[in-house]
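The values are calculated or read from the model by the stated rules, or taken from the named source; none is laboratory data. It should be emphasised that the depicted structure is a prediction, and the values quoted were computed from it without experimental measurement. As a convention, Cβ positions derive from the backbone with ideal geometry for all residues, glycine included, and neighbour counts pool all protein chains shown. Accessible surface is based on the protein model in full, side chains and every heavy atom, while ligands, DNA and RNA are left aside. Shrake-Rupley method; radii C 1.70, N 1.55, O 1.52, S 1.80 Å.
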Amino acid sequence: MNIIDLSVSLKAGIASDPKEAKPEIEYTDHVAGAKQMASVFKGINTKDLKNEEG
């Protein structure tokens, strides 16, 4: 069993122990999120999403 401590919010560049385990987070905007959703959920189009955003 793996226990994951989420008591500290993840953010890019957060100090971690060990340093090799530092999270890498890629931030995207809602337009890019819509494109990603459309690629993952086959059969939907960005136009199917509210304001064409994901």
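Distances between placed amide hydrogens fall under 5 Å for LEU49 paired with no residue 5 or more residues away or on another chain. Charged side chains reduced to their Cβ positions (Lys and Arg at +1, Asp and Glu at -1) give the chain a dipole of some 160 debye around its Cα centre.
Helix content alone sets the calculated 222 nm mean residue ellipticity of the chain: runs of n ≥ 4 DSSP H residues at -39500 (n - 2.57) each, divided across all residues, give -6000 deg cm²/dmol. Dipole of the chain computed with +1 at Lys/Arg Cβ and -1 at Asp/Glu Cβ about the Cα centre; of LEU6, SER16, TYR27, farthest Cα towards the positive end is TYR27. The loop-placed GluC sites (Glu not before Pro) in the chain, going by DSSP, that have at most 16 neighbouring Cβ atoms within 10 Å of their Cβ come out as GLU24, GLU26, GLU53. Within the accessible surface of the chain, defined with a 1.4 Å probe on protein heavy atoms only, the carbon and sulfur portion equals 53 percent. Accessible surface for the chain, divided over its residues, is 96 Å² per residue with a 1.4 Å probe. The length gained on full extension between GLU53 and LYS19, counted as 0.36 nm times the residue separation minus their Cα-Cα distance, comes to 8.8 nm.
Of the labelled figures [x] 19, 12, 10; [y] 14, 13, 10; [z] 32, 13, 10, only one reflects semi-axes √(5λ) of the Cα gyration tensor in Å as derived from the coordinates, namely [z]. Helix 30-40 and the longest principal axis of the C-alpha atoms of the chain enclose an angle of approximately 80°. Determine, from the Cβ-Cβ distance of LEU6 and TYR27 and an R0 of 22 Å, the FRET efficiency 1/(1 + (r/R0)^6), rounded to the nearest 0.05. E between LEU6 and TYR27, to the nearest 0.05, is 0.75. Sparsely packed loop sites in the chain (the trypsin sites (Lys or Arg not before Pro) outside DSSP H, G, I, E and B with at most 13 other Cβ atoms within 10 Å) comprise LYS11, LYS42.
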